[in-house]
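Student: The structure's right below; bear with me while I get my questions together.
The values are calculated or read from the model by the stated rules, or taken from the named source; none is laboratory data. Remember, it's a predicted structure, so these values are computed and weren't measured experimentally. A quick note on method: Cβ atoms are made from the backbone with ideal geometry, for glycine too, and the neighbour counts reach across all protein chains shown.
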Amino acid sequence: MIADLFLNGVTGLDLYEAARDKGRFLLITGYPERELAVKAKERLGERFIAKTGVPEGLRARVETLIGS
């Protein structure tokens, strides 16, 4: 699953917590400096990327996660 960090009524971090397969979950954001983004980066590590790295960063992470 690929989700934005900031959503209406819920956060991408909330979706991550509810996900069954956390190993294939990616969060993206255009606001990597906000407090929630810092928390997401700490929790997800390399599975959290700033939109400034999209699409190259996103493509590489997806390929890594699916084993291509």
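Student: Taking segment 2-14 on its own, how many of its residues are assigned to a loop (DSSP other than H, G, I, E, B) and in contact with a Gly (Cβ under 9 Å, 6 or more places away or on another chain)? Before you say what the answer is, go through the steps one by one.
Tutor: So the first thing to find is which residues in segment 2-14 are assigned to a loop (DSSP other than H, G, I, E, B), and the list is 5, 7-10.
Checking the rest, the ones that are also in contact with a Gly (Cβ under 9 Å, 6 or more places away or on another chain) come to 5.
Result for segment 2-14: 1.
Student: Return the total of residues in segment 15-68 being part of a helix (DSSP H, G or I), surrounded by fewer than 13 Cβ atoms within 10 Å (Cβ to Cβ) and at pLDDT 80 or above.
Tutor: We begin by selecting, within segment 15-68, every residue part of a helix (DSSP H, G or I); these are 15-18, 22-24, 35-47, 51-53, 56-66.
With surrounded by fewer than 13 Cβ atoms within 10 Å (Cβ to Cβ) added as a condition, the list becomes 17-18, 23, 35, 38, 42, 45-46, 52, 56, 59, 63-64, 66.
Still in the list and also at pLDDT 80 or above: 17-18, 23, 35, 38, 42, 45-46, 59, 63-64, 66.
Number of matching residues: 12.
Student: If a residue must be free of Cβ contacts under 8 Å to residues at least 24 places away in the same chain and more than 15 Å from Thr64 (Cβ to Cβ), how many such residues does segment 7-21 contain? Give the steps one after another, and end with the answer.
Tutor: Within segment 7-21, the subset free of Cβ contacts under 8 Å to residues at least 24 places away in the same chain is 7-10, 14-15, 17-21.
Keeping just the survivors that are more than 15 Å from Thr64 (Cβ to Cβ) gives 7-10, 14-15, 17-20.
Total meeting the criteria: 10.
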